[in-house]
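*Asks:* I'd like to ask some things about the structure below.
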Amino acid sequence: MEGERFPAEGPDGLCGLLARSPGVCNGCRKRACGCSRTPKAVYRAARAHALADEELRGARRGVDETEEGMAMKLEVIRSDLARGLSPEQIAATRPSLGVSKSTIYRWADEGYGGMSNMELRRKVGYKPRRRKVPRRPTPHSDRRSHAAFLALPRDARDGRWEMDTVEGRSGDSAVVLTLLNRATRFQLALPMAAQTSAETVRALGALRALLGEDGVRRVFAVVLTDNGSEFADEAGIAAALCERPGETRLFYCDPMRSDQKGSCERNHVEIRKLLPKGRGISFDRLAPADCALLMSHVNSEPRGSLAFMCPSAMLLAAYGDDARALLDGLGVEVLDPSELDLTPGCIERARAERGDGPLVFDNV
C-alpha cells in the first residue's frame, strides 16, 4: 500500500509513475498532500483533444500539390466554369484532375487562382418572385385530370413528357415550347411565333412530320402539361399527339400546381443558362438554328442523376431510331463535354457566324 501512495524513484531520480506508460501523474495519491518531485506531468483530456484538433486542422491547410500542378488544375477549372459547367460536372468529366466537387467549391470560396463565388451560378441568390394574378384555368375533360394521370401504371407515369413554355423579353410575341422526358431528362425547345394554342398545335405537328404517326405514338406516349392558355385546344393537341378514340395521351396538372410537372420547371434553369432573363434577349429573333444549338448544349451536359451520362445519349438508348430521327430532324448534336458552352455568348457567336443580328436589343 505504501508503494502505491508514494511511488518509488525510477532511473535518474524520475518518479516511478513518469518512468512507465502513460508517463503522467494522474492517479498518484501523493498529489493530494503535495509532492516535491519534479518534473510533473498531468493529462487533461480537454487540452489533449484541442491539441489533436489543431494538428488535424494544420494538416489540412493549403493544398497538397506542386505549384505547377496547382496552376494547371486552376486553369482548367477556370476555363470550364467560364463555359458554364458546374463543379459537379467538372469533377465528373475530368477525373485526371483528382479533385472533387466540394474541393472546387472550397477553392472558389477561398479565392484560389482568382476565382470567386460569383462564377458559381447556384451560389448567387434568387430574386423574390412577383406574384401574378391567377389566370383562369384551362377547361379540360375529367379523363385528362391529374388524378386520372396518377391512375396510370407506374411505367407510363415515369416515361411521361412534361410540356411548358418559356417566355423571353417583356413585349415579345414569340415563346419557346419545351417538352422534357422525365426518364431521360432530355428537353426539346421549339420556337413558337406566339403563345397561342394554334402555335402549340403547329409545333407538335412538326414533330409528327419528323417521326410519323407511329413514331409519335411510340415516343410521346404520355404528355403532362399545365393550364396555360396556349394549351387550351385539348382536341387539337391530342390529335397532334396521334391520340386515338378510346385512349388518353394528354393530361393536365391541377390549377396553380406547376410542381406536378416539376422536372420540366427545374430543367428550365439549363435553358436560362443560354437565354437568361433580364438581359433584353428577344425571343422574337430566335431562329430554329438557335433552338437547335440550345438543345445540343443543354442535352449534352453530363448529369449526376444520370450517372453522368448526358440526356441525348439516354434518349438514344431509350428510343433508338425514333430518337435519332428526332435529333437529326431538329439539328441536335451530341457534344463532348470539352465542346460545351453554357453561356449566353454561345448563341450570339453562332448568329454572328451566320450573319444574323444579335438577340439583345442595343437600347437595353
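*Asks:* Which of the peptides 241-249, 45-53 is most tightly packed, and how do the rest follow, judged by the mean count of other Cβ atoms within 10 Å per residue? Write down the numbers at each step before the final one.
*Replies:* Numbers: 241-249: 14.0, 45-53: 9.4.
Most protected by this proxy first, the peptides run 241-249, 45-53.
*Asks:* Further question on the same structure: Can you work out D for the range 67-123 in µm² s⁻¹ from Stokes-Einstein, where Rh is the Kirkwood radius over C-alpha pairs, the temperature is 37 °C and the viscosity is 0.692 mPa s?
*Replies:* The Stokes-Einstein estimate is 297 µm²/s.
*Asks:* Right, next: On average, how much area does the Cα convex hull of the range 172-224 cover when viewed from any direction, in nm²?
*Replies:* Over all viewing directions, the range 172-224 projects a mean Cα-hull area of 3.9 nm².
*Asks:* With point charges of +1 on the Cβ of Lys and Arg and -1 on the Cβ of Asp and Glu, referenced to the Cα centre of the chain, which listed residue (Met309, Ala183, Leu51) lies farthest in the positive direction of the dipole?
*Replies:* The Cα lying farthest towards the positive end belongs to Leu51.
*Asks:* Pick out which of Met309, Met163, Met118 has the largest mean-square fluctuation in a Gaussian network model of the chain, springs linking Cα atoms closer than 10 Å.
*Replies:* Highest fluctuation of the listed residues: Met118.
*Asks:* If R0 is 25 Å, what FRET efficiency do you get for Lys277 and Met256 from their C-beta distance, rounded to 0.05? Kindly include the intermediate steps, with their values, before the conclusion.
*Replies:* Working: r = 21 Å, r/R0 = 0.86.
In this case the efficiency is close to 0.70.
*Asks:* Pairs of lysines 8 or more apart, or on different chains, with alpha carbons under 25 Å: count those in the chain, would you?
*Replies:* Lysine pair count for the chain: 17.
*Asks:* Then there's this: Could you compute how fast the chain diffuses translationally, taking Rh as the Kirkwood radius over C-alpha pairs and applying Stokes-Einstein at 10 °C with viscosity 1.306 mPa s? Give it in µm² per second.
*Replies:* Working: Rh = 25.1 Å.
So the translational diffusion coefficient is about 63 µm²/s.
*Asks:* Then there is this: In degrees from 0 to 90, rounded to the nearest 10, what is the angle of the helix 262-274 Cα long axis to the longest principal axis of the chain?
*Replies:* Once rounded, one gets 90 degrees.
*Asks:* Using only the alpha-carbon atoms of the range 142-354, report the extent along each of the three principal axes, biggest first, to the nearest angstrom.
*Replies:* The Cα atoms of the range 142-354 stretch 50, 39, 31 Å along the principal axes, largest first.
FYI, it's all coordinate maths here, none of it is from the lab. Here the structure is a predicted model, which means the values were calculated and not measured. Because the Cβ atoms are built from the backbone with ideal geometry, glycine has one as well, and the counts that use them run over all protein chains shown.
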